[in-house]
Amino acid sequence: MSEVRIPMEAFGDDGDAVISTWLVHDGETVQQGVVIAELMESKAIVELIAPASGVLRIEVAAEQPVTRGMRVARIEPS
């Protein structure tokens, strides 16, 4: 299993962000390196990249606030 975490460098100075949208649905198969979600922070949209290939299991819904290093999903072997 691989953890999907919010990158430490994903935020500006204020540190506030939300997952604006998941581009892949829970239970779908993803490939390593593909964009799986978009984060909205005060100054930009940041792409969240799959760290591994497998089945995506979302743990934090869209529009929920997130913090640096927070686990938001996991990828299980397919």
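The values are calculated or read from the model by the stated rules, or taken from the named source; none is laboratory data. What you see is a predicted model, and the numbers here were worked out from it, not measured in a lab. So basically every Cβ, Gly included, is an ideal-geometry build from the backbone, and we count neighbours across all protein chains shown.
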With the condition kept exactly as written, say whether any residue in the stretch 33-42 is farther than 14 Å from residue 76 by Cβ and polar (S, T, N, Q). yes
Filtering the stretch 1-12 for residues that are in a strand (DSSP E or B) and within 11 Å of residue 67 (Cα to Cα) leaves a count of 1
From the list 75, 36, 19, exactly one residue is touching a Ser or Thr at 6+ places or on another chain (Cβ under 7 Å) and either in a strand (DSSP E or B) or surrounded by fewer than 12 Cβ atoms within 10 Å (Cβ to Cβ) (or both). Which is it? 75
So, in the stretch 41-72, how many residues would count as being part of a strand (DSSP E or B), free of Cβ contacts under 8 Å to residues at least 60 places away in the same chain, touching an Asp or Glu at 6+ places or on another chain (Cβ under 9 Å) and closer than 20 Å to residue 16 by Cβ? 6
Within the stretch 13-49, the count of residues that are within 12 Å of residue 67 (Cα to Cα) and β-branched (Val, Ile, Thr) comes to 2
State which residue is modelled with the highest pLDDT when the search covers only the stretch 7-17 and only residues that are of a type in the set (A, V, I, L, M, F, W, C) and under 8 Å from residue 41 (Cβ atoms). 17
Could you tell me whether any residue of the stretch 45-60 is exposed (fewer than 12 other Cβ atoms within 10 Å of the Cβ) and either modelled with pLDDT under 95 or over 12 Å from the mean Cα position of the chain (by Cα) (or both)? yes
